[in-house]
Amino acid sequence: MRTIAIYLIFGMLTMSAWGFGTVVIDAGHGGNDRGGSWGKVYEKHLALDTAFRLERYLKMKGYRVIMTRKTDKYLSLSTRSAIANKYKNAIFVSIHINKASRTGAAGIETFYYGSEGRKLGAAIQDKMVSKVKVENRGLKYARFSVLRKTKIPAILTEIGFVSNYGDRQRLKSGHYRDAIAKAIADGIAKYD
Ligand SMILES: [Zn+2]
């Protein structure tokens, strides 16, 4: 009886990560392309740091993680999609930081293109806004190249505005980036 229970539990654990064992994490921008910036606060750095934190949380959950970049280097959008398309049982999560000319614009928003991306994005957006106290800008459809060219379920999340004072203070905090990374990982597990 005990043996059966162990097999059942083991079966459930392996099943949970069966649909896609791999998560491709894409830290936006890099190298000469610093993304949105405000003073010395650069999107490319915040995105990469958050990507590494997400990698850690996903590995704790048993996922294999592929990073499109691990260093401060430039990658074209088509290269990012090409990396993602090398994997079949996988999903693609691109991390970005927003910037707007209206400094009042704030909060988190997540973009999708395909129907699976919509489900994945909904799970991630829900977890982020329920676990982190930020403005919910919602889940949105977008024809971004990196989403259109990626065949596996794909989303692009904008985890705050570098141009907004409150968001910027949060984004500069490792505690905030860690909480966001954990929420994204939880959203991925919820979608799985
Ligand atoms: Zn960006």
Going through the stretch 142-180 in order, the residues found to be surrounded by 16 or more Cβ atoms within 10 Å (Cβ to Cβ), away from the ligand (no atom under 16 Å from the Cβ) and aromatic (Phe, Trp, Tyr) are 176
Per the list (1) more than 16 Å from the ligand (Cβ to nearest atom); (2) on the phi < 0 side of the Ramachandran plot; (3) out of contact with any Lys or Arg (no Cβ under 6 Å at 6 or more places or on another chain), residue check on residue 43 breaks on (1)
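Going by the structure shown, is residue 121 of a type in the set (Gly, Ala, Ser) and in contact with a strand residue (DSSP E or B) (Cβ under 6 Å, 6 or more places away or on another chain)? Explain how you work it out, then say what you get.
Working: of a type in the set (Gly, Ala, Ser): yes; in contact with a strand residue (DSSP E or B) (Cβ under 6 Å, 6 or more places away or on another chain): yes.
So residue 121 fits the description; yes.
Checking the condition without any contact (Cβ under 8 Å) to a residue 40 or more places away in the chain, within 21 Å of residue 34 (Cβ to Cβ) and of a type in the set (D, E, K, R), which residue from 86, 70, 59 passes?
Numbers: 86 fails: within 21 Å of residue 34 (Cβ to Cβ); 59 fails: within 21 Å of residue 34 (Cβ to Cβ).
Of 86, 70, 59, the one residue that is without any contact (Cβ under 8 Å) to a residue 40 or more places away in the chain, within 21 Å of residue 34 (Cβ to Cβ) and of a type in the set (D, E, K, R) is 70.
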Cβ pairs under 6 Å, 6+ apart or interchain, first in the stretch 19-45 and closer than 18 Å to residue 55 by Cβ and in contact (Cβ under 8 Å) with a residue 40 or more places away in the chain, second acidic (Asp, Glu) and near the ligand (Cβ under 10 Å from one of its atoms), ordered by first then second residue, are 29/43
When the stretch 96-111 is checked residue by residue, the ones that are in contact with a Ser or Thr (Cβ under 6 Å, 6 or more places away or on another chain), over 13 Å from residue 167 (Cβ atoms) and surrounded by fewer than 23 Cβ atoms within 10 Å (Cβ to Cβ) are none
So the helices (runs of 4 or more DSSP H) completely within the stretch 138-192 holding 3 or more residues that are closer than 19 Å to residue 103 by Cα and of a type in the set (D, E, K, R) are 165-171
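Checking the conditions here, which among 84, 51 is within 19 Å of residue 123 (Cβ to Cβ), within 13 Å of the ligand (Cβ to nearest atom), surrounded by 15 or more Cβ atoms within 10 Å (Cβ to Cβ) and among the hydrophobic types (A, V, I, L, M, F, W, C)? Steps first, please.
Working: 84 fails: within 13 Å of the ligand (Cβ to nearest atom).
Being within 19 Å of residue 123 (Cβ to Cβ), within 13 Å of the ligand (Cβ to nearest atom), surrounded by 15 or more Cβ atoms within 10 Å (Cβ to Cβ) and among the hydrophobic types (A, V, I, L, M, F, W, C) holds for just one of 84, 51, which is 51.
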Restricted to the stretch 20-40 and to residues being crowded, with 24+ Cβ neighbours inside 10 Å and hydrophobic (A, V, I, L, M, F, W, C), the residue farthest from the ligand (Cβ to nearest atom) is 23
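Has the stretch 114-134 got at least one residue that is under 18 Å from residue 44 (Cα atoms) and crowded, with 18+ Cβ neighbours inside 10 Å? Write out each step before concluding.
Of the stretch 114-134, the ones under 18 Å from residue 44 (Cα atoms) are none.
Scanning the stretch 114-134, I find no residue that is under 18 Å from residue 44 (Cα atoms) and crowded, with 18+ Cβ neighbours inside 10 Å, so the answer is no.
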When restricted to 110, 103, the only residue within 16 Å of the ligand (Cβ to nearest atom) and of a type in the set (Val, Ile, Thr) is 110
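Every number in this text was worked out from the coordinates using simple rules, so none of it is lab data. On a predicted model such as this, the values are computed, not experimentally measured, just so you know. All Cβ positions, glycine included, derive from the backbone under ideal geometry; neighbour counts span all protein chains shown.
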